[in-house]
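Heads up, the thing below is written out as structure tokens.
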Amino acid sequence: AMREKSTEKGKRKMAIRFIEDKKLFRLDAGDTTYIMQIGEADFLKHVYYGAHISDDDTAYLVSYIGEPFHPNPIEAGLTRRFSLDAQPQEYSVNGVGDFRISALSIRDKTGCSATKIIYKGYRIIDGKPELDGMPSTYLNDDSEAKTLEIDLEDRDSGAVVTLVYTAFEKLSVITRHARIKNCGDASFNIESAHSLCLDFYGDDFELIHLYGKWAAERFVERVPLTHAIT
């Protein structure tokens, strides 16, 4: 029994799975779990990030709290419970109903900055791809991590946004970055693009960051994470 338990723990330490019947992406890194879901009209929404959980039936974790002034995308029809302004989106965009600060804004040749990215496909690969021309963490061996790449497409501008997640085997760490590629016939301007977007529930969080100077590097500072822009 102890051997089986140890094997199961080893399995979940580094797992990236797509659970097809629930349309869930699940990442288990160390003692943490990260879950996304392809939701209504193929919008990618964030479901959970925190201590490891074994349950895959996690739809109940997503809040559908809406207000009369929350807009609904045309794909929602007459359903008032689906609004991008109230959904925890995996990568928020500008101009299609989410009035919060967005992770991505693209302006096309007509001057339109409404960007709607919907799910297109995914890949799971061994290891961690390099970031050309940028500093990043690296591996000694591809067996130390797995990487998930999710493609989202804006059919109007031709932009394909690839969200990249690397889950480490022995660390409760997930690294992230985003790639934006023009797969259309016309040029567009990227007005803003961020590495990630992440919704937290509750208010009991700290931001830990490092600062320093020459010969006095890596001082650790912890501050409360409040309702603000950081």
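Between 5, 22, 9, which is open to solvent by 50 Å² or more (accessible area, probe 1.4 Å), within 15 Å of residue 62 (Cα to Cα) and either modelled with pLDDT under 95 or outside any helix (DSSP H, G or I) (or both)? None of the other options fit; the residue is 22. Restricting the range 153-178 to residues that are outside any strand (DSSP E or B) and acidic (Asp, Glu), the residue that is nearest to residue 31 (Cα to Cα) is 169.
Each row is one residue, and each column tells you yes or no for (1) in contact with a Cys (Cβ under 8 Å, 6 or more places away or on another chain); (2) of a type in the set (Asp, Glu); (3) free of Cβ contacts under 8 Å to residues at least 40 places away in the same chain.
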residue: 113; (1), (2), (3): no, no, no
residue: 118; (1), (2), (3): no, no, no
residue: 121; (1), (2), (3): no, no, yes
residue: 130; (1), (2), (3): no, yes, yes
residue: 151; (1), (2), (3): no, yes, yes
residue: 159; (1), (2), (3): yes, no, no
residue: 163; (1), (2), (3): no, no, no
residue: 173; (1), (2), (3): no, no, no
residue: 177; (1), (2), (3): no, no, no
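The one condition from (1) in contact with an Asp or Glu (Cβ under 9 Å, 6 or more places away or on another chain); (2) part of a strand (DSSP E or B); (3) open to solvent by 80 Å² or more (accessible area, probe 1.4 Å) that residue 150 does not meet is (3). Filtered by the rule that a residue be in a strand (DSSP E or B) and either in contact with a Cys (Cβ under 8 Å, 6 or more places away or on another chain) or aliphatic (A, V, I, L, M) (or both), the range 179-228 gives 180, 190, 193, 207, 208, 210, 216, 220, 223.
For the range 32-61, the set of residues classified as open to solvent by 40 Å² or more (accessible area, probe 1.4 Å), closer than 19 Å to residue 16 by Cβ and touching a residue at least 60 places away in the same chain (Cβ under 8 Å) consists of 49 only.
The values are calculated or read from the model by the stated rules, or taken from the named source; none is laboratory data. It should be emphasised that the depicted structure is a prediction, and the values quoted were computed from it without experimental measurement. Using ideal geometry, Cβ is built from the backbone for each residue, glycine included, and neighbour counts are taken over all protein chains shown. Accessible surface areas use protein heavy atoms only, side chains included; no ligands, DNA or RNA. Shrake-Rupley method; radii C 1.70, N 1.55, O 1.52, S 1.80 Å.
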